[in-house]
Each structure stands twice: as C-alpha cells, then as structure tokens.
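**Q** Okay, here's the structure, questions in a sec.
Any read-out appearing in this document is the output of simple, stated calculations on the displayed coordinates, not a laboratory observation. Quantities reported herein were computed from a predicted structural model and do not represent experimental measurements. All Cβ positions, glycine included, derive from the backbone under ideal geometry; neighbour counts span all protein chains shown.
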Amino acid sequence: MPPFPVMFKTVSSDCNLDCEYCYYRESLEGTRPRRRIDERLLEQFIPKYMDYVADVGVASMSWQGGEPTLIGLPFFEKVVALQAAYAHRGTAIANSLQTNGVLLNDEWGSFLKRHNWLVGVSLDGPEEIHDQFRKDRGGHGSFERVMQGIDALRRHAVDFNILCVLGPHNVDRPRELMRFFRQQQFTHVQYIPAMAFQALEPEKPPAYLITPEQYGVFLTETFDDWYQNGAPTLSVRIFDNFLQSYAGIPNELCAHSDRCDAGVVLEYDGSAYPCDFYIGLQWQLGNVLDTPLAEIAAGAAKQSFVARKAHLPEACTHCGWLMVCKGGCVRNWTFTPNGPAPDYFCTAYQRLYQHAAERLRDLAGALQNKWRYLDVMETDPHRIKRAGRNDPCPCGSGKKHKHCCASPARDASYVFHQ
C-alpha cells in the first residue's frame, strides 16, 4: 500500500490575516465563519488512520487552514497524544504545520521542537514587499509579527521553511527576494504563483495574478542566482524537484509527477477531497466519520480524480520536456470541447527548461557521482583515505578529487547531503 498523507483544513478558511490573493478566503458556506475541527473527529479518525497506515509504516499529517494556530496549542497537544496512543509499533509519524507565523511564540516553539514538527511559514520577502498583500483585517502589515514568530522557531531550533507567494508585488524582483532570504539565513524556500480563483471554484478556468511571461523570467533569473556554479546552498523547491527528475528520482511535487495524487484533504467536518484546489461537492470523496478510509483513499471517486492526468493535453504528448514537466498541474489546464489545453504556465516552464537543462543535467551527474563516492566510502573506505587532492576522484568521474567529491564548495551545498 502506498503512503496516505492527510492534509487537515484545521479551521477551514478562518484566518487572522486577510491576504488579497488567498485562494481559500471563502469557506464551503460562502463566507469566512469561525470553524474548528471537533476533537471528537480526531478521536474517531486517528485510530482508524493509524490502523490503515500500519502496513506502510508512515503516518503523515499536515495541518493548514486558514490559519491553523487559531485552534490553539491544546488541540495539537491532543493530536500528538492520540497519535502516540494509536500508532502501531514501528510507524513513523510526520507532522507539518503551515502558518502565517503571527501567533508563534516560545510555547509553540517548545511544542514543535519537542514533537519534531516541520513548519512552513508564509513570507513574501522584505517588509516593504510582504506588507503589500499580507495584511490583517485592519489593514496593518504582518511582517514584524511574522519575523517574531520565526525568531521563536529559531530559539527552539525548529525545522522550518519559507513559502513565498508570487504576485504583482514581488514577481519582478527575483534577485532581491533571494538576497533577502539568504541574508535571513533561511535554508528552504518554496515559490508559488498567486491565484485569482477560489478552491471552491474547481470548474472555473485557471486565473492567476501574474503572467506566464513574468513567471518564466522569474524562474530563469532565480535559477541563475540559485545555481552557484553547481553547488547551491539555498534550497528552492521547484529546482530541487526538477533536479530529482534529471537524477532519476520520482518528482515529489504533485504538479510535475506522473499522477495527480497527493493524499486527501479533510475539512473541519470530516468531509474529504482529493486536493485543496478541488474543495467542491462534485469532488467530495466521502466523510471520514462514516466512509471507510479504503474507499476515500483508493475508491472509485479518488481513482477518477487521479486518472485525469492520464489524458494529457495533445500538445504535451509531443513536447520534448514532458519527462520533466509531466503536463504540469491539472488545475491549470483549460478544458475545451476539443480536449484540455496545457498548463497556464506552460511557456514559463519551457523557458526555464531551455535555460537550465544543461546545468541541471550536470548537477544531476555530479549528484550521481557523489552517490557512487559514498558507496566506495562504505565498501572501501581506505580507497577514499588514499586518494590525494590531485588524484582522480574515487567516484570515477575522471576529475581531480579536489574538484569533484572533495570540493569544499560541494561539501557546503545541501544538494550533496540529501
């Protein structure tokens, strides 16, 4: 059985910010009411879930919103208690929290570190950029409060990454964003284009606040900044994902995977959906309170959704970049009487691939050499010790040891330590 990750919309669309580009500003009721997951839902769902994932041995839960910290820390204390009580022996439990960071403090930091949670913090760049869109309902910017929350995570050594939404406020400033993120000593950044549609409107054509041309320029300029002569030090998720494809590793980003299958999304009332872009009654998979998990995870409704990507737009089937792109995100296709049209950002991706392909191949080759080097280190460690800096690298690349797997630049790059 494959892993079965679950994303909880912990408080539905409720939030203490009012970001203009939020694709989840409306709830299933058409407004933004105060909704919370009932603890009775946890008490019924978590035991069933732990039984269901016992064979695969991995329990993966992510907690989003709206703003999930609004539900309060006692709720999450109960989550980890129930997970510990019902997890089968040997099950690895992975929790992640996606937050705007405004409410994070030392109490949160202590909890998140103690239970080894991964945290994603939304931050759109320096204060002048971030505060243009990420305001509270009083119209006040949130930058200072977000940075205070990040400071709390750092004080407790919590693993976190940055989610940066690209909109009119920052898409034309790629190098400024990278410079700021490096100055802040962040290690992992994910960029996502700002949306001009709602999760509850899955049948409407895709609409974004930036153009494919803008996104293509952003990606190529950011790639040049990221690459650093083949030894990147700041992880940018989309480039990591494309590197995986070149290195022969399945791409973990669902938009560029063979299957449109990233687990399920649970709303506050237990209703399940196949994706958080498809929170509509026509895509509901059932309710975990009364529908067997096997049906939600792999039933006819879920398989129908997953199968959508098996029927690519005609243009994609003839594209030389299909191996990397895999057709992009189905939500970004436009459906016409003649069939689906390619991802809205198709030309942006093509621009990046043409610009970066050679360097991604080189980096993938260097990564594969490193894997061979590590194999030699394990099977014949004396061979590594005997290799001088000017000798051929034991990985077999033909390069000098000091310019290959013993390079200080590579040793400082996260790519070679994955």
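**Q** Round to the nearest 10 and give me the degree value, 0 to 90, for the angle of helix 237-246's Cα axis relative to the longest principal axis of the chain.
**A** 60 degrees
**Q** From the cross-link list 309/370; 48/326; 9/78; 326/399; 302/326, which pairs have alpha carbons spaced over 22 Å apart?
**A** 309/370; 48/326; 326/399
**Q** Ranked highest first by average number of other Cβ atoms within 10 Å, how do 62-69, 73-80 line up?
**A** Highest-to-lowest ranking by the protection proxy: 62-69, 73-80.
**Q** Angle check, please: helix 174-183 long axis (alpha carbons) against the longest principal axis of the chain (alpha carbons), in degrees 0 to 90, nearest 10.
**A** 80 degrees
**Q** Let me ask something additional. What is the ratio of the Cα radius of gyration of segment 287-418 to 2.2 N^0.38 Å, with N the residue count, to two decimals?
**A** Numbers: Rg = 22.8 Å, N = 132, 2.2 N^0.38 = 14.1 Å.
Dividing the Cα Rg of segment 287-418 by 2.2 N^0.38 Å gives 1.62.
**Q** Would you kindly work out the equivalent ellipsoid of the chain from its C-alpha gyration tensor and give its semi-axes, the square roots of five times the eigenvalues, largest first in whole Å?
**A** Gyration-tensor ellipsoid for the chain: 35, 26, 25 Å.
**Q** Using only Cα atoms, tell me the angle between helix 212-227 and the longest principal axis of the chain; keep it within 0 to 90° and round to the nearest 10.
**A** 50 degrees
**Q** What relative contact order, as a whole-number percentage, does the chain give when Cα pairs under 8 Å and 6 or more residues apart are counted?
**A** Here the relative contact order equals 15 percent.
**Q** What ³J(HN,Hα) values, in whole Hz, does the Karplus curve 6.51 cos²θ - 1.76 cosθ + 1.60 give for segment 161-167 when θ = phi - 60°, with x put for Gly and Pro?
**A** Using θ = phi - 60°, the values come out as 10, 10, 10, 10, 8, 9, x Hz.
**Q** Within segment 276-297, which residues have the backbone N less than 13 Å from the label spot 7 Å out from residue 55 along Cα→beta-carbon, could you tell me?
**A** Flagged as within label range: 294-295.
**Q** Taking the Cβ-Cβ separation of residue 355 and residue 81 as r and a Förster radius of 41 Å, what is the calculated FRET efficiency to the nearest 0.05?
**A** The computed FRET efficiency comes out at 0.25.
**Q** Hey, another quick one. With springs only between Cα atoms under 10 Å apart, run a GNM on the chain and tell me which of 382, 355, 256 wobbles the most.
**A** Its mean-square fluctuation being the largest, the pick is 382.
**Q** Let me ask another. Looking at the chain as a GNM with Cα springs under 10 Å, which of 359, 389, 36 has the largest mean-square fluctuation?
**A** Evaluated over the chain, the most mobile residue of the options is 389.
**Q** Work out, step by step, the length gained on full extension between residue 39 and residue 310: first 0.36 nm times the residue separation, then minus their alpha carbon distance; give nm to one decimal.
**A** Length gained between residue 39 and residue 310: 93.7 nm.
**Q** Report the residues of segment 358-387 in range of a label on residue 229: point 7 Å along Cα→C-beta, backbone N strictly under 16 Å from it.
**A** Backbone N within reach: 363.
**Q** Fully extended, how many nm does the chain gain between residue 137 and residue 185 (0.36 nm per residue separation, minus their Cα-Cα distance)?
**A** 14.3 nm
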